[in-house]
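Novice: Take this structure first; my questions come after.
The values are calculated or read from the model by the stated rules, or taken from the named source; none is laboratory data. Only a predicted model underlies this, so the values are computations on that prediction, with no experimental measurement involved. Virtual Cβ from ideal backbone geometry, glycine too; neighbours counted across all protein chains shown.
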Amino acid sequence: MLGSSVCLKVTSLAVNIVLARLLVPSDFGAVALALGFTGILQTFAEMGTSVAIVQMDSVTPSTLDSAFTTTLVTTLIIGTSLWVSASFIADFFSMPVVKNLLRIAAVAYFFRGLFALQRCLLLREFHYKKIAFLDFLGYALYGFTATVLAIYGFGAYSMAWAQLVWTMGLLTAGSVVTGYFPKGLGNWKEMRYLVRFGSWVSLSRIIRNLGGNVDRFVIGKAIDANALGVYSLAQRFVTIAPDSFSRIIDQVMLPVYSKFKNDPNRIENGYWEALSYSSIILLPPIFLLFLLAKPIVLLVLGEKWHMVVPVIRIMSLYAMTRALGEGIFDSVVFASGRPHIVTVVSIFRLIVFPFCLIVGAYWGLIGITWGFAVFGVLARLFSQFLLHKFFNFSFFRFFREISPAFLCAMVAAIPCLVISSNYNFTNNIWLTLFIIISNSFLWLGLYGLCGQFFMSEKINFLFEQSKHFLLARKPT
């Protein structure tokens, strides 16, 4: 899963760089606003049935048909509602282009909702290679379609139509890979069970997604599409590593934890291991992006995106909180059979996140970005407090697990900051590339050297696992 995610995220990064070269910030802003609404509504379509199916001890064809019927009905209702309300939303944000973007997204939303069931079947049976294949296939379709349409001048629509092609391809390929096709409507009793279990999951995700997209709505309404485009692209760059890795860990650990839901000690030990390795793996790309934001932006995006540099640096603080355990919280809670705890976290986000953004809005886009970063720190501490309260996870051990990697990253950053501060960035591509490469090697070398003193066992383990992974796939 991690190996495929690296390929997927590298592809994603390349696609975003190409699109940033072909499009303007306002195009990214309009699409970000449309995707904000579909991101919130996606949870309604699934109704938490995917987690319910993974968590169940056994499933029958009738159970799967019940889950499919539930998803189909809710997806049709919500997709139609989004289509009808598209005009009102576009008028509210004073972005006419959003109307058609939302209507295209409503159709894509239908296919994406149905694919969620296919994905959970693969996840339940630990078919991670197939999940990885579908993820890469879907994004390859998106990247190819969006790039071609952008070249031919479709603007923001290039990304919207690409989303539709992506979701249609996912559903088609998912049906073939899983071999699941509904043979009936299921039965009412099973539907009630799935919805009852999934209601807490859905509620928490709906609230979380609503809170998670407040920043887009605030920027789109209070500032303009250009600012939202800058913010959205910076967010994609900064969160690409922590979000993808944390999502993989959560997907892998949920069915594993579920097998040991009657053994809380094994779940706790798994959490601490995941936390430690997450910090070791994720802090390097985050720190490097923070240190080298300016030359990277100038090299890969161009001068027209220069305003994204300070936004990336501030957002790196939020990314660090994701690297330090925020993304591996849900699997522990769901596997333990207490999904309502995630709802508490989502309510916290819905209340605190908008407050941080509104306060920051007085200082424009930079202020909103600082609100985003401050919220990340508060959310990480709050979720860890809940793990301590409900599962007795030690706060002291939390800081003990994250401190070695964080301190090594900080020590390695100091000389890099001193050296890079003396560079005068110009339009010389080769000089800029040299700055990026030399500082990256310097930081990684210092990080690895420091790591050998404070976390040598874990670093050696990761090295051995990486070597085994690569050698196991070499042709004979």
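Novice: Quick check, is Val344 modelled with pLDDT under 90, of a type outside the set (S, T, N, Q) and surrounded by fewer than 20 Cβ atoms within 10 Å (Cβ to Cβ)?
Specialist: So Val344 fits the description; yes.
Novice: Continuing with the same structure: Hey, among Thr172, Thr74, Thr167, which residue is in a helix (DSSP H, G or I) and touching an Asp or Glu at 6+ places or on another chain (Cβ under 9 Å)?
Specialist: Of Thr172, Thr74, Thr167, the one residue that is in a helix (DSSP H, G or I) and touching an Asp or Glu at 6+ places or on another chain (Cβ under 9 Å) is Thr74.
Novice: Report yes if Thr369 is touching a Pro at 6+ places or on another chain (Cβ under 9 Å), in the same structural domain as Ile435 (by TED's automatic domain parsing) and surrounded by 18 or more Cβ atoms within 10 Å (Cβ to Cβ), otherwise no.
Specialist: So Thr369 does not fit the description; no.
Novice: Ile267 - would you say it is β-branched (Val, Ile, Thr), assigned by TED's automatic domain parsing to the domain that holds Val411, under 30 Å from Leu442 (Cα atoms) and crowded, with 18+ Cβ neighbours inside 10 Å?
Specialist: no
Novice: Would you be able to say whether some residue in region 382-397 is farther than 27 Å from Ser331 by Cα, polar (S, T, N, Q) and either buried (at least 17 other Cβ atoms within 10 Å of the Cβ) or outside the structural domain of Val308 (by TED's automatic domain parsing) (or both)?
Specialist: No, there is no match, as no residue in region 382-397 is farther than 27 Å from Ser331 by Cα, polar (S, T, N, Q) and either buried (at least 17 other Cβ atoms within 10 Å of the Cβ) or outside the structural domain of Val308 (by TED's automatic domain parsing) (or both).
Novice: Is it fair to say Ala132 is of a type in the set (A, V, I, L, M) and more than 19 Å from Val252 (Cβ to Cβ)?
Specialist: no
Novice: Any idea which of (1) surrounded by fewer than 18 Cβ atoms within 10 Å (Cβ to Cβ); (2) touching a Pro at 6+ places or on another chain (Cβ under 9 Å) is the one Ile358 doesn't satisfy?
Specialist: Result: Ile358 passes all but (2).
Novice: Taking region 344-403 only, how many residues are more than 19 Å from Arg313 (Cα to Cα), among the aromatic types (Phe, Trp, Tyr) and free of Cβ contacts under 8 Å to residues at least 24 places away in the same chain?
Specialist: Of the residues in that region, 6 qualify.
Novice: Sticking with this structure for a sec: Does Leu288 meet the test of being touching a Pro at 6+ places or on another chain (Cβ under 9 Å) and either surrounded by 17 or more Cβ atoms within 10 Å (Cβ to Cβ) or without any contact (Cβ under 8 Å) to a residue 24 or more places away in the chain (or both)?
Specialist: No: the conditions fail for Leu288.
Novice: Another question, if that's okay. Run down Tyr157, Tyr139, Tyr109 and say which single residue is aromatic (Phe, Trp, Tyr) and within 30 Å of Pro61 (Cβ to Cβ).
Specialist: Within the list Tyr157, Tyr139, Tyr109, the selection yields Tyr109.
Novice: Return the only residue of Leu350, Leu387, Leu378 being touching a helix residue (DSSP H, G or I) at 6+ places or on another chain (Cβ under 9 Å), under 22 Å from Pro242 (Cβ atoms) and modelled with pLDDT under 85.
Specialist: Answer to the check: Leu350.
Novice: Separate question: Being part of a helix (DSSP H, G or I) and crowded, with 21+ Cβ neighbours inside 10 Å narrows it down to one residue among Val297, Val256, Val252; which is it?
Specialist: Just a single option satisfies the conditions, and that option is Val297.
Novice: Please state which of the following conditions Pro284 fails to meet, knowing it meets all the rest: (1) touching a helix residue (DSSP H, G or I) at 6+ places or on another chain (Cβ under 7 Å); (2) under 19 Å from Phe329 (Cβ atoms).
Specialist: Looking at each condition in turn, Pro284 falls short on (2).
Novice: (1) surrounded by fewer than 20 Cβ atoms within 10 Å (Cβ to Cβ); (2) hydrophobic (A, V, I, L, M, F, W, C); (3) touching a residue at least 24 places away in the same chain (Cβ under 8 Å); (4) not in a helix (DSSP H, G or I): which one isn't true of Phe154, the others all being true?
Specialist: Among (1) surrounded by fewer than 20 Cβ atoms within 10 Å (Cβ to Cβ); (2) hydrophobic (A, V, I, L, M, F, W, C); (3) touching a residue at least 24 places away in the same chain (Cβ under 8 Å); (4) not in a helix (DSSP H, G or I), Phe154 violates only (3).
Novice: Continuing with the same structure: Could you check region 1-26 and list, in sequence order, the residues that are modelled with pLDDT of 80 or more and under 30 Å from Lys130 (Cβ atoms)?
Specialist: Scanning region 1-26 gives Ala14, Val15, Asn16, Ile17, Val18, Leu19.
Novice: Another question, then. When you scan region 396-416, how many residues do you find that are of a type outside the set (D, E, K, R) and closer than 12 Å to Gly325 by Cβ?
Specialist: Adding up the residues that qualify gives 5.
Novice: Sticking with this one: So which of Leu298, Leu282 ends up being more than 25 Å from Ser403 (Cα to Cα) and among the hydrophobic types (A, V, I, L, M, F, W, C)?
Specialist: Of the residues listed, the single one that is more than 25 Å from Ser403 (Cα to Cα) and among the hydrophobic types (A, V, I, L, M, F, W, C) is Leu298.
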